[in-house]
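Taking it in order: structure first as structure tokens, then the write-up.
The values are calculated or read from the model by the stated rules, or taken from the named source; none is laboratory data. Treat the numbers as computed from the prediction; the structure is a model and nothing was measured. Cβ: placed from backbone, ideal geometry, glycine included. Neighbour counts: every protein chain shown. Calculation scope for accessible area: heavy atoms of the full protein, side chains included, ligands and nucleic acids excluded. Shrake-Rupley method; radii C 1.70, N 1.55, O 1.52, S 1.80 Å.
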2 protein chains.
Amino acid sequence: MPMEASALAYVLWSRLMRYNPANPQWSNRDRFVLSAGHGSMLLYAMLHLTGYDLSLEDLKNFRQWKSRTPGHPEYGRTPGVETTTGPLGQGFAMGVGMAMAERFMANLFNRPGFPVVDYFIYALVSDGDMMEGISSETASLAGHLGLGKLIYIYLDNRITIEGSTDLTFSEDVGKRFEAYNWQVQRVDGYDLFGIEDAVNRAQKDLSRPSLIIARTCIACGSPNKENSCEAHGAPLGAEEVTLTKQNCRWPEKPDFLVPDEVLSFFRRAIARGKETESSWAYLFKEYREGHPDLAARWDAMHRNPQAFPWESSLPKFEPADKPIATRAASGRVLAAIVPHLPGLIGGSADLAPSNNTFLKGFGEFKKDKGPNIHFGIREHAMGAILNGLALSKALIPYGGTFLVFSDYMRPAIRLAALMKLPVIYVFTHDSIGLGEDGPTHQPIEHTASMRAMPNLTILRPADANETAEAWRAALLNREGPTALVLTRQNLPVLDRSRYGSADGVHKGAYILADAPNGNPELILIGSGSEVHLLVAAQDQLKTRGIAARVVSAPSWELFQKQSAEYKETVLPSRTRARLAVEAGCSFGWERFVGLDGDTITVDRFGESAPDKVLFKEFGFTVDNVVKKAEDLLKKNK
Amino acid sequence: MPMEASALAYVLWSRLMRYNPANPQWSNRDRFVLSAGHGSMLLYAMLHLTGYDLSLEDLKNFRQWKSRTPGHPEYGRTPGVETTTGPLGQGFAMGVGMAMAERFMANLFNRPGFPVVDYFIYALVSDGDMMEGISSETASLAGHLGLGKLIYIYLDNRITIEGSTDLTFSEDVGKRFEAYNWQVQRVDGYDLFGIEDAVNRAQKDLSRPSLIIARTCIACGSPNKENSCEAHGAPLGAEEVTLTKQNCRWPEKPDFLVPDEVLSFFRRAIARGKETESSWAYLFKEYREGHPDLAARWDAMHRNPQAFPWESSLPKFEPADKPIATRAASGRVLAAIVPHLPGLIGGSADLAPSNNTFLKGFGEFKKDKGPNIHFGIREHAMGAILNGLALSKALIPYGGTFLVFSDYMRPAIRLAALMKLPVIYVFTHDSIGLGEDGPTHQPIEHTASMRAMPNLTILRPADANETAEAWRAALLNREGPTALVLTRQNLPVLDRSRYGSADGVHKGAYILADAPNGNPELILIGSGSEVHLLVAAQDQLKTRGIAARVVSAPSWELFQKQSAEYKETVLPSRTRARLAVEAGCSFGWERFVGLDGDTITVDRFGESAPDKVLFKEFGFTVDNVVKKAEDLLKKNK
């Protein structure tokens, strides 16, 4: 791919893109996304040539332990790499989020004469990107939104790992993108003038995203492997490299050769970049004088998008309040904090009324360039767009859907976790408690399967106050994504004068209701809606002379981060009679209950019926908790 | 939706589709897929009206505990329901698999004058289906393959849950599908003649799948909620139901009314269906006489697609053989069994050379209607197509990709598990052992996250012979999907004269190498490539006087199914010093090691480097296993 796309990269990096190699963080740089991440060396080569902090030594360390040139581009590892790519379609999709960030920020900050936010998002995309469904979802939405700042170049090489695209891919890509309302152009991928003209035309059409279909050949220049699928995933081999160099009239040695005149030509990017950023900085200086409030807000958002005084606005809920679903409490939190958080932006994959994610009184993204995004029935697109928004570093993106449909967006969640992006997921309808929609809509394994993912924090609050604290934890977590797992059904507000404070959420698990003298013979542990069963069961057990402790465990990840001492306080090693109760699969709960404990969980798919019937049939009753607890104590005696 | 699509359903069920209400299993019936599964009552109503075994009482039990009319159609629960739908896009996509099954079976069995396989796949699809990426993936592939038996009717109602599709969805769907090489027609969704004409034209074009865009209105007939998003997910309410009945000049009472003349009109389907199946049965009788071998094969495949003498052909591997990756061993298994299994069909999402999934010597699906499918870079499509193929009940579908990309197909895997379909996944490159491609391609949490899913059996074999047994287990498992989790890197073939037999795979976990006298002070347990570390560590521990048992645990699900006695034999309760070693996350391993054990696992994302470097850096060395084991024994003393 680096050989295939060299002409395109040359034109983009030497003539078209605005960037400053000395400051890869310059906010108004054009973004470059190598969606075809397997061609990472193309990006590394351009970064090296144009003077980013990436040496020839780094290039020689390609795909080696802790090198700055890993197999696929990794965000945070290499200066100038805008995002991690490799899983196909993700770069394409995140670019759409980047373009939405550009539009949102431009609307927030640009003022007449002050286009302080004004950049393009370029991407190189491959056949694989085009085949993945996520690209279709985001392309449709990008066309709908008219994201004119997107300029995607499609490497139409007609080769995949298995062979010619004739094997699998004969659609008319151009026509498809026209149907999405994109500007579509076709160029020869080696016609420098043609490429530049096409990009210029793409830049001029600010009402539509642009797709430039560049006819290219894989391993271009290799006499025997050009246009061959053998060149897709495997190196050319020493002999073919030599033949290729001969074919291109390039010196055979040394292996890594950048002729001085080539380097000095590319390194003009340094001076050009300095000048480009300076002009912008000058503009921004005038902007700061003319619009000091906006500039202050700009600074604050870029320093830390949650560093505004929002915490005091978090709602508090009282036991006297009517029972409230945690999804509804979450909606109340959003409504309370959004006036204080200019970077808050998000929405739902067509379930806003159910997810309680709409920010009332705030603008819609399409109509007003406001923070309310209608993602459509496109969960995977939503996931990747949230990543693209988060990469702005100035925004706080959130997205909602039913917990069960987190499956649709899992590859994007994984990238958020891998990049440690502070994205917030609002996953509602978190158990069989969603009732009649039945097993296709009832999550069973989803919370567990997300708990298995590194860097992802999951919070399943037990009541409205835990929900407020869960949002606080999510907003304060700048080290990775957070998933809020919320009920459809109403839950009582726990009486915190009687029980442990909801602050405990921040420790992941905490003693909600202790046994007399803090000396339990039995620990009841659970999360979310099931915590209420535990509290009631504790009372019943007490009348039977059994001293039980109730632990509310909204977040395993936060608990994991606590000191050994704290963990021992909550779950003393000596107390082995432990019963976990959660309306999800048992998988993973052995971490807390060990070999001697027990669980009340759901280890099968759900059923279509009213939620109260389901909870009863699946054993989520106070009576069953009491019974299981007593059985467990007997077993452990 | 039932109100919206009533005219379409009427035309399809009363005039166009061939089916036999008395025998929903008749192999040559037309398939009807309600991709917009939330409109389940439309399907239930048609099944009731046309005389399937579904009573008015069943309809009254809509969405109630254990009823045959759950919130979304559920395969296996209701006669005439071809597949479970609800998660949007899945029905659309599974229909493509059904059409591929039709083509494959037709090629296997049809002979001049004997079109014993010849049916259409009809689907009603919604805006939501159209927005989901999986539909794009499968539509592109269906167009590429020219699946002319597909006839999809798109309910173009321009309403979603959040409001008008103007909010999110303005693409030109027809043009997009033309770009995919579909026949596209537009009709008024209430013009009975127009609908019939369009379907007739769709039936006639056997070289292209067909999309009929039917302009419809949601809640058609309701005076106040027609064309309103309020009608999407919520009932009309008693008052509006009354108004609607008045509007349609329908008696207000009783609530469930089927006038006799309506019922007798629809129930003509019973006689029609009997006649239709009879004609086919007559044809098949002649076919049986003319082609007895084919008919016998047909019978066998339909009775049980794996009931052929394939087991004896499974390859055996010897310790003297060169080390071999389990993915390569899997390829050897496929090559050995395919001549014996006429129903075997599958391929890879463009990674066949890496997944070792290509059936050499057998035809390609597109060119020859053979069993080798090139899915393209479309994992999610692959997952759903495998489901569609499995729904034929005569085929054994399998699909390969890198384990990390199982995330892309998770919603389809979930449906396979929910429907208990015998689909086989070949997930290779199963750990950091894939090396240089780095964290985007290295699965960490995937095996664990799949272990959390009900009905899914996962097998991670430790060597080539376990791989053969894993395939045996997968093929014998007709109660749900099976995922094979295989290495990229070579592994030695374990000497079974010294160690436990690979048959142990079928018990999920077994004693591979026991402590002297079967009396371990320590248990080393693991799966896949890490088992070899355990065996070597056991030897070293022995020299230090420590009696360790090595347990190979390729499948937690199979182990779970064993008797308590067997489990106790393998993992005696008294032995609490247990060390689990797996190159994946620790999540879930506490099920085996409890609160007193330990793990050597990967609880962070991977790195780009050669696999040997990674295994060392991540602690997967014999020395580290020995050290951790010794530490553990100390702790437990």
| remark: Here the whole-number average of other chain Cβ atoms within 10 Å per Cβ of B:72-81 is 2
| note | Working note, the range B:141-184: Cα radius of gyration (Å, one decimal) and Dmax (Å, whole number) are 12.8, 35
| remark: Helix A:326-337: inclination vs chain A longest Cα principal axis, degrees, rounded to 10, gives 60
| request: Sum -39500 (n - 2.57) across every DSSP H segment of at least 4 residues in chain B, then divide by the residue count to get the 222 nm mean residue ellipticity, nearest 500. | output: -11500 deg cm²/dmol
| field | Rg over Rh [alpha-carbon atoms, Kirkwood Rh] for the range A:479-534 | value | 0.99
| By how many degrees, 0 to 90 and rounded to 10, does the Cα axis of helix B:379-390 deviate from the longest principal axis of chain B? | 70
| For A:Leu263 and A:Gln560, what is the calculated FRET efficiency with R₀ set at 51 Å and r taken between the beta-carbons, to the nearest 0.05? | 0.60
| query | Which of the residues in the range B:590-614 lose at least 40 Å² of accessible area when you go from the chain alone to all protein chains together (probe 1.4 Å)? | reply | B:Glu590, B:Arg591, B:Leu595, B:Phe605, B:Glu607, B:Ser608
| remark: If labels are modelled 7 Å from Cα along the Cβ direction, A:Lys316 lies from its partners in the other copies at nm distances, smallest first, of 7.5
| remark: Rg from C-alpha atoms of the range B:47-170, normalised by the globular rule of thumb 2.2 N^0.38 Å, equals 1.26
| field | the range A:100-211 - Kirkwood radius from inverse mean 1/r over Cα pairs (Å) | value | 15.2
| field | Surface per residue (accessible, 1.4 Å probe) for the protein assembly as shown, Å² | value | 34
| task | Calculate, in whole percent, how much of the Cα-Cα pair population of the range B:391-492 lies beyond 16 Å. | result | 55
| request: Sort shortest first the distances from B:Ala336 to its counterpart in every other copy, using label points 7 Å along the Cα-to-beta-carbon line, and give them in nm. | output: 6.4
| request: Partner chain Cβ atoms within 10 Å, averaged over the residues of B:404-414 - can you pull that number for me? | output: 6
| request: Run through all the Cα pairs of the range B:214-308 and give the fraction in each 5 Å bin from 0, expressed as whole percent. | output: 3, 10, 11, 11, 10, 9, 7, 7, 8, 10, 9, 5, 1
| query | So if R0 is 51 Å, what FRET efficiency would B:Asp205 and B:Ala547 give, r being the distance between their Cβ atoms, rounded to the nearest 0.05? | reply | 0.10
| Do any chymotrypsin sites (Phe, Trp or Tyr not before Pro) in the range A:222-284 lie in a DSSP loop with no more than 15 other beta carbon atoms within 10 Å, and if so, which? | A:Phe256
| query | Could you give, in nm with one decimal, how far A:Glu252 is from each other copy of that position, shortest first, with labels 7 Å out from Cα toward Cβ? | reply | 9.6
| Roughly what angle does helix B:40-50 make with the longest principal axis of chain B, taking Cα atoms, 0 to 90 degrees, to the nearest 10? | 60
| field | Normalised contact order of the range A:279-369, rounded percent, pairs of Cα under 8 Å and 6 or more residues apart | value | 24
| task | Hey, can you grab everything whose amide H is under 5 Å from the amide H of A:Leu150? Only 5+ residues off in sequence or another chain; H modelled, so Pro and N-termini drop out. | result | A:Ile121, A:Ser210
| query | Per residue, what volume in Å³ does the Cα convex hull of the range A:340-413 take up? | reply | 87
| message | What's the minimum Cβ distance from chain B to the axis relating it to A, in whole Å, and which residue gives it? | response | B:Gly133, 1
| message | Once the cut-off is 42 Å, how many percent of the Cα-Cα pairs in chain A end up in the long-distance tail? | response | 33
| Per residue of B:351-357, what is the mean number of Cβ atoms on other protein chains within 10 angstrom of that residue's Cβ? | 3
| note | Between chains B and A, the summed loss of accessible surface on complex formation, probed at 1.4 Å and reported to the nearest 100 square angstrom, is 8900
| Distance between the range A:1-50 and the range B:83-107 - C-alpha centres, whole angstrom | 42
| message | Need one number: the % of Cα-Cα pairs in the range A:371-421 sitting beyond the 19 Å mark. | response | 19
| Between the range A:130-160 and the range A:184-244, the Cα center-to-center distance that results, in Å | 16
| remark: Listed by chain and number, the residues whose amide H is under 5 Å from that of A:Asn157, excluding neighbours fewer than 5 places away on the same chain and using placed H, are A:Asp127, A:Thr216
| request: Give the Cα extents of the protein assembly as shown along the principal axes, in whole Å, largest first. | output: 88, 74, 73
| remark: A:Ser573 and B:Thr569 label points (each 7 Å along its Cα→Cβ direction) are spaced in nm at 3.4
| note | In nm², the average projected area of the convex hull spanned by the Cα atoms of the range B:439-494 is 4.4
| field | Share antiparallel - DSSP beta bridges, chain B, percent rounded to 5 | value | 15
| field | the range B:6-55, relative contact order [Cα under 8 Å, separation at least 6], % | value | 39
